[in-house]
1. Read phi for every residue in the range A:46-55 and hand back ³J(HN,Hα) as whole Hz from Karplus 6.51 cos²θ - 1.76 cosθ + 1.60, θ = phi - 60°, with x for Gly and Pro.
2. Relative contact order of the range B:1-96, please, whole-number percent, based on alpha carbon pairs below 8 angstrom and at least 6 residues apart.
3. What's the longest piece of chain A with no exposed GluC sites (Glu not before Pro), counting a site as exposed if DSSP puts it in a loop and it has at most 14 other beta carbons within 10 Å?
4. Once amide H atoms are placed 1.01 Å from N in the peptide plane, what residues at a sequence separation of 5 or more from residue B:82, or on another chain, have their amide H within under 5 Å of its amide H?
5. Give me the three principal axis extents of the range A:10-108 from the C-alpha atoms, as integers in angstrom, largest value leading.
6. At 7 Å along Cα-to-Cβ for each site, give me the label-to-label distance between residue B:101 and residue B:15 in nm.
7. So which aspartates and glutamates pass the test for residue B:8, namely a Cα distance under 14 Å, with those fewer than 8 places away in the same chain ruled out?
8. Could you tell me which of A:45, A:29, A:14 has its Cα farthest along the dipole of the range A:1-63 towards the positive end, charges placed at Cβ (Lys, Arg +1; Asp, Glu -1), taken about the Cα centre?
Protein chains: 2
Amino acid sequence: MPLVEIAKQNAHEVVPGYTARFIHTEQMTFAYWHVHAGATLPLHSHEHEQVAHVLEGVFELTVDGVSYELVPGKIFVIPRNVPHSGRAITDCSLLDVFNPVRADYQARD
Amino acid sequence: MPLVEIAKQNAHEVVPGYTARFIHTEQMTFAYWHVHAGATLPLHSHEHEQVAHVLEGVFELTVDGVSYELVPGKIFVIPRNVPHSGRAITDCSLLDVFNPVRADYQARD
């Protein structure tokens, strides 16, 4: 930091088919994901606010039981503690931004 | 919210050549910019932490007197209250993420 090359950060396969590189700032965590087509993200929730971006590809995000198709230009704001899951329709590049810092992800680095 | 189509948000020319659409969450502001080649961003600072992404193009960011060339894949974490300025080397698409919410930008919407 403060100039960060994302590709030089450690890569972590957090869930099968979901590989992320993380950047942690004072109050936020940025997760840059590469996801394989068909990979599923199990239902989960966390105390962090999350803003989900699809940078490339098509991703199905299910929030509180409702499914949404996300593509570049459409983002989703997931409130704190709301259960969500996902499925990659195609290979995807995703960016998730969390507030506060994801200490669980930070511990992986 | 919570599913947001960026292109449907109001566009604001904040500085000549710098047009943004904003999304404000509980604790963060996301600013999606289109910037014209050659447009300059005057030196300024703010109490918000800022993470700068170049999504397309080449952008020169100067932080605390040092200039950096930002391209897709290289991000910059600007700490709170640190003076910074910028210049678009080419037409650019930028994403800035702020914590806490930029009340000044929120007031424009």
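Any read-out appearing in this document is the output of simple, stated calculations on the displayed coordinates, not a laboratory observation. Being a predicted model, the structure only gives us computed values, none of them experimental. Note that each Cβ is placed from the backbone with ideal geometry, even for glycine, and that neighbours are counted across all protein chains shown.
1. With coefficients 6.51, -1.76 and 1.60, one gets 7, 6, 8, 5, 9, 10, 9, 10, 9, 8 Hz.
2. Over the range B:1-96, the number comes to 31 percent.
3. A:48-109
4. Amide H neighbours of residue B:82, under 5 Å, 5+ apart: B:46.
5. Principal axes ranked by extent give 32, 27, 24 Å for the Cα atoms.
6. 2.4
7. B:109
8. In the range A:1-63, that residue is A:14.
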